[in-house]
1. From the backbone phi of the range 29-36, what are the Karplus-calculated ³J(HN,Hα) couplings (6.51 cos²θ - 1.76 cosθ + 1.60, θ = phi - 60°) in whole Hz, Gly and Pro given as x?
2. Along the range 6-23, what does the Karplus equation 6.51 cos²θ - 1.76 cosθ + 1.60 (θ = phi - 60°) give for ³J(HN,Hα), rounded to whole Hz, x for Gly and Pro?
3. Would you mind getting me the FRET efficiency between GLU39 and THR10? Use the beta-carbon distance for r and R0 = 22 Å, nearest 0.05.
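Computed from the coordinates by the stated procedures, all read-outs in this text should not be read as laboratory data. From a predicted model like this one, the values you see are computed outputs, not experimental measurements. As a convention, Cβ positions derive from the backbone with ideal geometry for all residues, glycine included, and neighbour counts pool all protein chains shown.
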Amino acid sequence: MKPLQISPETAIKLAAELNVPIERLMHMPQHILLQKIAELAKQEAENQHPGKDDRSS
């Protein structure tokens, strides 16, 4: 399997966010990595807007 085509800086940040070693990240299948990035983005969005659905007048 070919390593991912991402910059070293991006690899370091992703490995830290996903709590995986860089070596494992670089050989992770692209579709799985994209899924994990989407999950991170969803969690980050929820953390930025807590209680968004609890609007009561």
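1. x, 4, 5, 6, 4, 4, 5, 5
2. 10, 6, x, 5, 5, 4, 5, 5, 5, 4, 5, 5, 8, 6, 10, x, 4, 4
3. 0.80
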